[in-house]
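Below: one structure, written as structure tokens.
Every number in this text was worked out from the coordinates using simple rules, so none of it is lab data. Being a predicted model, the structure only gives us computed values, none of them experimental.
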Ligand code: HEC
Ligand code: HEC
């Protein structure tokens, strides 16, 4: 894979990252006195208290996405009580699986202030996932949701690519994402989310993608939609063959990966780290947001 930096203005410079690292380390030291400390695994906390401590500053006391820190974030937390989850494996309109919520909690959402919540034990993360799902105002009754099936990707041929390019134009992706996918289409700057807050279409040449970096992940997004965002869901409008073609084409739009600083953070992850939550401390202690490549 080509790793080239195309637009350096997006980059947190090495120097900035070094300052950040120091800041995070300082917060870490300051917190040792206050927190329980020690090497032992922390005892399980009642889930509501855990939520109020770890999540409410961003997600809000009731989960509506209006925490006291939200003014610092460009990417806003969703209203979790609405049941509209973006990062899920279930069909459009379906609630997420608890595994989906668990994954967002433990892995975070790349390029956003939603860091992997590395301070939590696995049990705590499951408890929180169930807690979040219990906040949904009108839970759906009936059959439990199921993950959509993503079959095997067809071979990537020239024909598939040109079909994908055609669909990208026909389906009006450029209106928001721009002709080359840079997130700069004519309607890019006037989009709002389900709560009426400003939201930007993604730069599709950017890696990592929020929804995952594999072609299969793109295919899935075209089935699941991105609830709560102005991104249309193409569920039934695309055949399986078309979804693969579009997925391959969109995937070809970006080969650049942004350089990661000492904390391997990019985009708004740096904001999350700067805020200095326990998640930020736990990540700093284990040396970064992602395990090093080698
Ligand atoms: C520093 C702010 C911040 C903190 C702290 C935080 N989050 Fe988030 N969280 C966000 C933001 C912002 C998003 C939206 C990301 C996006 O839509 O791109 C998000 C998204 C999520 C999602 C994905 C929702 C979806 O649409 O699929 C889950 C689940 C979640 N957070 C759970 C938690 C839990 C549980 C905690 C506490 C352990 C927590 N978050 C702490 C900012 C935060
Ligand atoms: C009306 C505007 C709009 C149109 C039209 C649109 N999108 Fe989007 N798209 C968005 C927004 C806004 C987001 C960002 C959601 C977020 O950050 O939470 C997004 C996100 C995405 C993502 C997720 C990127 C990531 O980082 O995970 C993909 C993939 C995507 N769009 C592809 C497409 C394709 C392909 C088309 C055409 C078939 C399309 N979009 C049409 C607004 C649009």
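A few remarks follow.
- Binned Cα-Cα distance frequencies in region 43-154 - 10 Å width, integer %: 14, 45, 32, 8, 1
- For region 156-183 versus region 55-71, the gap between their alpha-carbon centres in whole angstrom: 36 Å
- Computed from the alpha carbon atoms alone, the convex hull of region 144-205 holds 130 Å³ per residue.
- The alpha-carbon positions of region 158-252 define a convex hull whose volume is 89 Å³ per residue.
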